[in-house]
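Enquirer: First the structure, then my questions, so here it is.
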């Protein structure tokens, strides 16, 4: 076949990502025509509360998967940090790659994180960011803030909050890198599983699409992100609990750093493991459990 359709959310960032993959596919497959199919998702429409209160990360991909199931699209492009750790067996994510800067961005007209005055209001609806922020600066206040990148920046510029936190990768992809006041290093602020990486989803067993996507595979990035996501899957903590995980390849092994916290940042568990891709997540999860991870999760969901 010489035509493929990509399902995508309609936000600027999602459209940029889908257009980028369109260009990549047309570059590696001469004569292939790629069309974008814009879809509005529940995650884009639910702006009144954190995602954890409305069904979690699936709100960003359910409609895209429905389009795949109906045959209205052949593949979907996701930010991997928005993809639930477990997906329906009818679908596959054969390509995880194109990882940009994994860091969280601190954006404020008042300076970097350490420059903020006590009582300053920080806008974020990410429990992971909230917990790590309050663990570092318990004197700050966190206000839920949803919406696309432009909406959140506009609320900051209007003075509704003193600072916001976004992913550096998204800002770079949108040409907004100059808005980053401070990029927080993973050693200080651990990112979400899959942050900065793109994932390409299709129907499981859809051979011609899998063949089209094969040249885009990035085995190193896929191994790291898969390890990060395995921690989420093992703990059942997609977005209802502050969880962070970041893996890097060092030599012939993967080094995985993880964090599980209480939403108020009062309790922070950290674990680091080194090993093969197939074992490193289990090692980190066992360490977290030994520190009391299951009790922390139970308290979050009594």
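The values are calculated or read from the model by the stated rules, or taken from the named source; none is laboratory data. The structure displayed is predicted, hence computed values, not measured ones. Methodologically, a virtual Cβ is constructed for each residue, glycine included, from the backbone with ideal geometry; neighbour enumeration extends over all protein chains shown.
Enquirer: Being touching a residue at least 24 places away in the same chain (Cβ under 8 Å) and more than 14 Å from residue 242 (Cα to Cα) is the filter here, so list the residues in the stretch 293-302 that pass it. Give the steps one after another, and end with the answer.
Expert: Of the residues in the stretch 293-302, the ones touching a residue at least 24 places away in the same chain (Cβ under 8 Å) are 293, 296-297, 299-301.
Within the stretch 293-302, none qualify.
Enquirer: Take the stretch 170-195 and flag every residue that is farther than 26 Å from residue 269 by Cα and surrounded by 22 or more Cβ atoms within 10 Å (Cβ to Cβ). Talk me through it step by step, then tell me what you get.
Expert: From the stretch 170-195, those farther than 26 Å from residue 269 by Cα are 170-181; that's our starting set.
Across the stretch 170-195, the qualifying residues are 170, 171, 173.
Enquirer: Inspect all residues belonging to the stretch 97-118 and state whether any of them is in contact (Cβ under 8 Å) with a residue 60 or more places away in the chain and part of a helix (DSSP H, G or I).
Expert: Scanning the stretch 97-118, I find at least one residue that is in contact (Cβ under 8 Å) with a residue 60 or more places away in the chain and part of a helix (DSSP H, G or I), so the answer is yes.
Enquirer: Could you go through the stretch 261-271 and let me know if any residue there is at pLDDT 95 or above, out of contact with any helix residue (DSSP H, G or I) (no Cβ under 7 Å at 6 or more places or on another chain), closer than 18 Å to residue 132 by Cα and not assigned by TED's automatic domain parsing to the domain that holds residue 61.
Expert: Yes, the stretch 261-271 contains at least one residue that is at pLDDT 95 or above, out of contact with any helix residue (DSSP H, G or I) (no Cβ under 7 Å at 6 or more places or on another chain), closer than 18 Å to residue 132 by Cα and not assigned by TED's automatic domain parsing to the domain that holds residue 61.
Enquirer: Oh, and also: Look at residue 120 and say whether it is more than 16 Å from the chain's Cα centre (by Cα), modelled with pLDDT of 95 or more and surrounded by fewer than 16 Cβ atoms within 10 Å (Cβ to Cβ). Before the answer, list the steps.
Expert: On the way: more than 16 Å from the chain's Cα centre (by Cα): yes; modelled with pLDDT of 95 or more: yes; surrounded by fewer than 16 Cβ atoms within 10 Å (Cβ to Cβ): no.
No, not satisfied.
So that you can scan it fast, the table gives a plain yes or no per residue for (1) under 22 Å from residue 214 (Cβ atoms); (2) buried (at least 19 other Cβ atoms within 10 Å of the Cβ); (3) at pLDDT below 95:
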{"position": "42", "(1), (2), (3)": "no, no, yes"}
{"position": "46", "(1), (2), (3)": "no, no, yes"}
{"position": "57", "(1), (2), (3)": "no, yes, yes"}
{"position": "68", "(1), (2), (3)": "yes, yes, no"}
{"position": "73", "(1), (2), (3)": "yes, yes, no"}
{"position": "76", "(1), (2), (3)": "yes, yes, no"}
{"position": "106", "(1), (2), (3)": "no, yes, no"}
{"position": "114", "(1), (2), (3)": "no, no, no"}
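Enquirer: Can you find even one residue in the stretch 213-236 that is modelled with pLDDT of 95 or more and more than 22 Å from the chain's Cα centre (by Cα)?
Expert: Looking through the stretch 213-236, at least one residue is modelled with pLDDT of 95 or more and more than 22 Å from the chain's Cα centre (by Cα).
Enquirer: I'm trying to understand the selection: among the residues of the stretch 158-169, which are surrounded by fewer than 22 Cβ atoms within 10 Å (Cβ to Cβ) and touching a helix residue (DSSP H, G or I) at 6+ places or on another chain (Cβ under 7 Å)?
Expert: Within the stretch 158-169, just 161 meets the criteria.
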